Amino acid sequence: MVPAGAEGVPPTLEERWGERYFLGMGKYGVAHIVWDWNGTLFHDTDAVIGATNAAFAELGLEPITLEQYRALYCVPVPRFYERLLGRLPTDAEWAVMDDVFHRYYAEHRVACELAVGARDLLAGWQSAGRSQSILSMYGHADLVPLVRGFGIEPHFVRVDGRTGPSGGSKAEHMVRHLGALTGVEAARTVVIGDAADDAVAALHVGARAVLYTGGSHGRASLEEVGVPVVDSLEEAVAVAERLAA
């Protein structure tokens, strides 16, 4: 049972972690991981490719393979579509494609699972007295119940999804995310994600990044970013531990 706070209100996850810092589990500025969700902790590649091809079909584009997706995907997402269309989509085209993508994805994400080993890695990082959070560009109202449904929410001090329009960069969201965390310093924070944009967001706030090849980008495009690239989440956590030491 979680002990109640003032006036019988249970403390938030962040408050509970704050107590652990105070009691000696760590110090302010402990090693912290900001996890990406889609394609990183949540292995949803099949749903993403299917949703992408459903969106492409609206404009008469041929479906693409996973290999093509990983070679071409970028953010902002309209630039990804430009690589296939030869031009940026119009506002009307983008609105239709975005709607189709999210409707298809919502229907098919139910068959997706956490990445291999994710549960044990999350539990191990927490039990070592370190902190972690999620920042995703998936809509916040959809993300939180999805994380909660896997029973992993207690491992995180904060879970943030996207607010506002889809398709943009994670950098400014990262500024707000880290700013909302107590006792977390950018210098001891490592972002683990599957996209170049995760590294861009990390560098934007002065954090480090480790990129994982199991999601939206292939190794070749990830290595162009200039940060460590790994093939498993277990490797990602090991590298994060060294970077945040």
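The values are calculated or read from the model by the stated rules, or taken from the named source; none is laboratory data. Everything numeric here is computed off the predicted structure, so don't read it as measured data. Because the Cβ atoms are built from the backbone with ideal geometry, glycine has one as well, and the counts that use them run over all protein chains shown. Surface accessibility is based on the protein's heavy atoms, side chains included, excluding ligands, DNA and RNA. Shrake-Rupley method; radii C 1.70, N 1.55, O 1.52, S 1.80 Å.
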Inset, instruction - Could you please let me know if S166 is among the polar types (S, T, N, Q) and touching a Phe, Trp or Tyr at 6+ places or on another chain (Cβ under 8 Å)? - result: no
Legend entry - Among (1) farther than 15 Å from H32 by Cα; (2) part of a loop (DSSP other than H, G, I, E, B); (3) open to solvent by 70 Å² or more (accessible area, probe 1.4 Å), the one test that T182 misses: (1)
Legend entry - Residue among E113, E107, E82 that alone is closer than 24 Å to S166 by Cα, surrounded by 14 or more Cβ atoms within 10 Å (Cβ to Cβ) and acidic (D, E): E82
Legend entry - In the stretch 57-72, residue nearest to D46 (Cα to Cα) [restricted to those that are open to solvent by less than 60 Å² (accessible area, probe 1.4 Å) and assigned to a helix (DSSP H, G or I)]: L66
Inset, instruction - Pick out the one residue from G214, G161, G167, G226 that is more than 17 Å from A31 (Cα to Cα) and either assigned to a strand (DSSP E or B) or in contact with a His (Cβ under 6 Å, 6 or more places away or on another chain) (or both). - result: G161
Inset, instruction - For the stretch 116-138, name all the residues that are surrounded by 13 or more Cβ atoms within 10 Å (Cβ to Cβ) and either among the β-branched types (V, I, T) or in a helix (DSSP H, G or I) (or both). - result: V116, A118, R119, L121, L122, A123, G124, W125, Q126, I134
Legend entry - Meets criteria (in contact with a strand residue (DSSP E or B) (Cβ under 9 Å, 6 or more places away or on another chain), in a helix (DSSP H, G or I) and open to solvent by 50 Å² or more (accessible area, probe 1.4 Å)) for E241: yes
Inset, instruction - Considering only the stretch 139-157, state which residues are open to solvent by less than 40 Å² (accessible area, probe 1.4 Å) and either in a helix (DSSP H, G or I) or more than 26 Å from E185 (Cβ to Cβ) (or both). - result: G139, L143, V144, L146, V147, F150, H155
